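Scroll down for the structure; my scribbles are underneath it.
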Amino acid sequence: QKEVEQDPGPLSVPEGAIVSLNCTYSNSAFQYFMWYRQYSRKGPELLMYTYSSGNKEDGRFTAQVDKSSKYISLFIRDSQPSDSATYLCAMSPIQGAQKLVFGQGTRLTINP
Amino acid sequence: GAGVSQSPSNKVTEKGKDVELRCDPISGHTALYWYRQSLGQGLEFLIYFQGNSAPDKSGLPSDRFSAERTGGSVSTLTIQRTQQEDSAVYLCASSPQRGGGETQYFGPGTRLLVL
């Protein structure tokens, strides 16, 4: 079993829809949770960053962390064609290994 | 300012040949990471450099893989006697500080194809 599980999709939704992307994890030591967006033939770029449990909102994006369920989510409101990309969750423990553990990535397409 | 740069962008090589991939991190960033991204897979950690400390090589898949970082800046990832399963995108990232959860800034990657 992988440390971080993420449905690879692909996921295709119409413009304006609310998108929900999710990851589950098994390591209870994870404290930092990130979402990266990766456009085709580009490197990942940090989209959202949260520490421990709770919600964080940034414009049309909301990140949620539920540590009791070991489950994180990224919501995109009023989705736009420019949101079409692969979304990767990543996480890290508070101490110890510096490397991030990534999910497989979900490929998202927003149709005009 | 300039982001993380990697070269070459694409590399096609024959099985058994050695390849060198280069990463120029963001100036002043002390931490540097190498990841591998295979088709349809997430990012697989390879190696981590932090300042003058010994690198964390725990992710290197075999002794054919090695990496060095000269002068705390530029890094080179070397794959000896390449195999077809080495075909992937190799991503480099740098970070300004040490500690769990630090933001990593990624380069565009080198696409390696081993024939």
**OP:** Please specify each residue of segment B:1-39 satisfying the condition of being outside any strand (DSSP E or B) and more than 17 Å from the chain's Cα centre (by Cα).
**Re:** B:1, B:2, B:14, B:15, B:16, B:17, B:28
Original post:
From the residues in segment A:8-40 that are at the interface with chain B (Cβ under 10 Å from one of its Cβ atoms) and among the polar types (S, T, N, Q), which one is nearest to residue A:83 (Cα to Cα)?
Top reply: A:38
Original post:
Does residue A:37 count as touching a Lys or Arg at 6+ places or on another chain (Cβ under 6 Å) and not small (Gly, Ala, Ser)?
Top reply: no
Subject >> Test set (1) modelled with pLDDT of 95 or more; (2) more than 13 Å from every other protein chain (Cβ to nearest Cβ); (3) in a strand (DSSP E or B) - residue A:87 fails condition number >> reply: (2)
Original post:
Which condition number does residue A:65 fail, the rest of (1) assigned to a loop (DSSP other than H, G, I, E, B); (2) touching a residue at least 12 places away in the same chain (Cβ under 8 Å) being met?
Top reply: (1)
Original post:
Does residue A:82 count as at pLDDT 95 or above, part of a helix (DSSP H, G or I) and either away from chain B (no Cβ under 14 Å) or closer than 27 Å to residue B:48 by Cα (or both)?
Top reply: yes
Subject >> Residue satisfying all of: in segment B:1-18; in contact with a Cys (Cβ under 9 Å, 6 or more places away or on another chain) and within 23 Å of residue B:84 (Cβ to Cβ); surrounded by the fewest Cβ atoms within 10 Å (Cβ to Cβ) among these >> reply: B:7
**OP:** Using the structure shown, decide if residue A:40 is closer than 18 Å to residue A:23 by Cβ and assigned to a loop (DSSP other than H, G, I, E, B).
**Re:** no
**OP:** Among the numbered conditions (1) part of a strand (DSSP E or B); (2) in contact with a Gly (Cβ under 8 Å, 6 or more places away or on another chain); (3) touching a residue at least 60 places away in the same chain (Cβ under 8 Å), tell me where residue A:104 comes up short.
**Re:** (1)
Original post:
Looking only at segment B:59-101, which residues are facing chain A (nearest Cβ under 8 Å) and surrounded by fewer than 18 Cβ atoms within 10 Å (Cβ to Cβ)?
Top reply: B:59, B:98, B:99
Subject >> All positions within segment B:33-53 that are of a type in the set (Gly, Ala, Ser), touching a Gly at 6+ places or on another chain (Cβ under 7 Å) and either surrounded by 13 or more Cβ atoms within 10 Å (Cβ to Cβ) or within 10 Å of chain A (Cβ to nearest Cβ) (or both) >> reply: B:42
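The values are calculated or read from the model by the stated rules, or taken from the named source; none is laboratory data. Remember, predicted model here, so these are calculated numbers, not experimental data. Here the Cβ is made from the backbone with ideal geometry for all residues, glycine too, and neighbour counts use every protein chain on show.
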